[in-house]
């Protein structure tokens, strides 16, 4: 059951997102893409969401940022784990082969 949820929830979210983008393209095609600065907040927001190059670059940079943060966190965690392990071994007189 849990495996199905992990599969279908992201698929459902993507389908809803794509549906919103398609409906926006059909209903208000003049709003698609980046808008001028005097277009209004809602119209500019829809424009940025539906602008494919902008959305793609945001996705790329967000993914890159997340990967870098994970790598730094994992590296730091491994270093801390090794340090604590060595400290524990010294305190308890444990020697590894």
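Is it true that some residue in segment 36-47 is at pLDDT below 75 and loosely packed, with under 10 Cβ neighbours inside 10 Å? Scanning segment 36-47, I find at least one residue that is at pLDDT below 75 and loosely packed, with under 10 Cβ neighbours inside 10 Å, so the answer is yes.
To keep it simple, each residue is scored yes or no on (1) within 30 Å of residue 20 (Cα to Cα); (2) in a helix (DSSP H, G or I); (3) without any contact (Cβ under 8 Å) to a residue 24 or more places away in the chain.
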{"residue": "45", "(1), (2), (3)": "yes, yes, yes"}
{"residue": "49", "(1), (2), (3)": "yes, yes, no"}
{"residue": "55", "(1), (2), (3)": "yes, yes, yes"}
{"residue": "58", "(1), (2), (3)": "yes, yes, yes"}
{"residue": "63", "(1), (2), (3)": "yes, yes, yes"}
{"residue": "70", "(1), (2), (3)": "no, yes, yes"}
{"residue": "76", "(1), (2), (3)": "no, yes, yes"}
{"residue": "82", "(1), (2), (3)": "no, yes, yes"}
{"residue": "86", "(1), (2), (3)": "no, yes, yes"}
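The values are calculated or read from the model by the stated rules, or taken from the named source; none is laboratory data. What you see is a predicted model; the values in this text were computed from it and never measured. Backbone-built Cβ (ideal geometry, glycine too); neighbour counts: all protein chains shown.
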